[in-house]
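K.L.:
There's a structure below that I have some questions on.
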Amino acid sequence: MRLMISFAALFFSVVLLQLSSGGVGPLDVLSGSELGFSRQEIGMLGSAHFFGFFIGCWFAPRLLGSVGHSRAFAAFTAAGSIGLIAHMMVIDPYAWALMRVASGLCVAGCYTVVEAWLQAKVTNETRGRAMGTYRMVDMTGSLAAQGIIGILAPADYISYNVLAILCCAALLPITLTTAEQPETPKSPRLRPALAYSRSPLAVAGVIVAALSSASFRMVGPIYGQEMALTAGQIAWFLACFVIGGAIAQFPIGWLADKYDRRKVLIWLSVAAIGSCVFTMQTTGWGVAGILLSSGIFGLTTFPIYSVAAAHAHDFASSDERVELSAALMFWFAMGAIAAPYGASVLIDNYGPQSMFIMLALGHAVLIVFGIVRMRAGRSPRRRTRYINSLRTSFVVGRLTGRSRDTAPKD
């Protein structure tokens, strides 16, 4: 309880930040559709968000070293709030793309501050409990963010103002806390080639995970509109994806610690292809069928990043863990930048089902590559512990690095 109280300000800020940043993506899709934006322009907004996210991941540790935790957090929340408020002042998709870059920058920067603060305060004895609570808080905020879409009117100044207020409110717990700010951590070097040298399959896995997650979360509302879902039903459609991913973490983690992780990745992709086919077959099943397919898609695709990351860390030494985590995040960001725009182009030209055909093909490539890597016969130095990896910042590896050195339970 003392541990949770000491981190209460950080966790409250995370929830408020999730409500704001998690709500703007679906709201932009619904608003863009109402304002006459093309599907490709709407997809560009999702890609712009992840471009800003990548910039924030790279820039945030450096700003943190210059001005400290609270000031850096204030700067990033200001950028996010400006981007939200400006939406209804300039009705133009390219201007909105710049605003979404600011939103992505805000998300990455704020998470960098939170995780650097957590890393400085946890000990080896409290790390597991703190990370477990942090993941639960983050997931709860993400779920709540999907639900808020059902009550916000699209293309309305008040809706974006509400999200901006939540973003500003995230600033209050951290700036008003009486806890002493920790020392500024050293920013990890960004070495994308490190991830590929340790495990090419892990790099392919995180890119495919980004393809699935970014396409579904940023372009999924377009698919929902094509399926004649209301705004409230689209909120549940996105929430079921998150719920499915949350349910999958424990059983998939158990399998990844017990069996060859390459096989787990392959079978997850086989299941993901099955879920794509199932989704395309449930269009005539009504709302219940669509929501069920969303949950199954989250169940089969959400854990892929964590399994791929665990496989990469099997080949890394302890002193490489922080930089390897940052490298994997880099590849995830690259896939996430490309995915929303690519999915929207396909939907625009070939219909809503084409997004799931694209995702199925991506997983098929991962299956083939996984089989090729298995035949290469390279064995890891030792098995590390599976961790539900957060895709939040380049410094998250500092929170999980030592935990991975613990051998998986039998």
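K.L.:
Select from the chain the helices, each a whole stretch of DSSP H, whose alpha-carbon atoms run 20 Å or more along the helix axis and whose Kyte-Doolittle mean is at least -0.5; answer none if there are none.
P.N.:
Working: long enough: 8-34 (39 Å, 1.15); 39-67 (40 Å, 0.73); 69-85 (24 Å, 0.98); 93-121 (42 Å, 0.77); 127-148 (31 Å, -0.09); 200-226 (37 Å, 1.02); 231-258 (41 Å, 1.15); 261-281 (30 Å, 0.95); 286-301 (23 Å, 1.54); 321-350 (42 Å, 0.94); 353-376 (35 Å, 1.54).
Span-like helices in the chain: 8-34, 39-67, 69-85, 93-121, 127-148, 200-226, 231-258, 261-281, 286-301, 321-350, 353-376.
K.L.:
While we're on this one: State in Å² the accessible area per residue of the chain; use a 1.4 Å probe, count heavy atoms of protein chains only, and round to the nearest integer. Don't skip to the answer; put the middle values down first.
P.N.:
Details: 16110 Å² over 410 residues.
Computed with neighbouring chains in place, this is 39 Å² per residue.
K.L.:
Which order do the peptides 89-98, 323-332, 31-40, 11-20 take when ranked by the mean count of other beta-carbon atoms within 10 Å per residue, highest first?
P.N.:
On the way: 89-98: 14.7, 323-332: 26.4, 31-40: 17.6, 11-20: 23.5.
Going from most to least packed, we get 323-332, 11-20, 31-40, 89-98.
K.L.:
Let me ask another. Considering only protein heavy atoms and a 1.4 Å probe, what is the carbon-and-sulfur percentage of the accessible area of the chain? Could you put the intermediate results ahead of the total?
P.N.:
Working: 10340 of 16110 Å².
C and S fraction of accessible area: 64 percent.
K.L.:
Heavy atoms only, 1.4 Å probe, whole protein assembly: order 304, 266 by accessible area, highest first.
P.N.:
Details: 304 0, 266 20 Å².
Result, largest first: 266, 304.
K.L.:
Classify the chain as rounded, prolate or oblate, taking a ≥ b ≥ c as the square roots of the eigenvalues of its Cα gyration tensor: rounded when a/c is under 1.5, otherwise prolate if a/b is larger than b/c and oblate if not. All intermediate terms of the calculation are to be shown ahead of the outcome.
P.N.:
On the way: a/c = 1.67, a/b = 1.06, b/c = 1.58.
Judged from the Cα gyration tensor, the chain comes out oblate (a/c at least 1.5, b/c at or above a/b).
K.L.:
Share of Cα-Cα pairs in segment 1-132 beyond 18 Å, in percent? Could the numbers behind the result be given before it?
P.N.:
On the way: 4861 of 8646 pairs.
Roughly 56 percent, once rounded to a whole number.
K.L.:
Also: At a 1.4 Å probe radius, which order do 319, 260 fall into by accessible area, largest first? Intermediate values should be presented prior to the final figure.
P.N.:
Details: 319 130, 260 45 Å².
So the residues, ranked largest to smallest area, are 319, 260.
K.L.:
Next question. Can you give the calculated 222 nm mean residue ellipticity of the chain, where each DSSP H run of n ≥ 4 adds -39,500 (n - 2.57) and the sum is split over every residue, rounded to the nearest 500 deg cm²/dmol?
P.N.:
On the way: 17 runs with 320 residues, N = 410.
Value at 222 nm, helices only, nearest 500: -26500 deg cm²/dmol.
K.L.:
Along the Cα→Cβ direction, 7 angstrom out, place labels at residue 121 and residue 67. What is the inter-label distance in nm?
P.N.:
Between residue 121 and residue 67, the simple spin-label model gives 2.1 nm.
K.L.:
Another one. With an 8 Å cut-off on Cα pairs and a minimum separation of 6 or more residues, tell me the relative contact order of the chain in percent.
P.N.:
Numbers: 695 pairs, mean separation 104.3, N = 410.
25 percent.
K.L.:
Quick one: divide the alpha-carbon radius of gyration of segment 160-286 by 2.2 N^0.38 Å and tell me what you get.
P.N.:
Compactness ratio reported: 1.45.
The values are calculated or read from the model by the stated rules, or taken from the named source; none is laboratory data. The shown structure was predicted, so the numbers you read here are calculated from the model rather than taken from an experiment. Cβ atoms come from the backbone with ideal geometry, glycine included; neighbour counts cover every protein chain shown. These area figures cover heavy atoms from the full protein model, side chains too; ligands, DNA and RNA do not enter into them. Shrake-Rupley method; radii C 1.70, N 1.55, O 1.52, S 1.80 Å.
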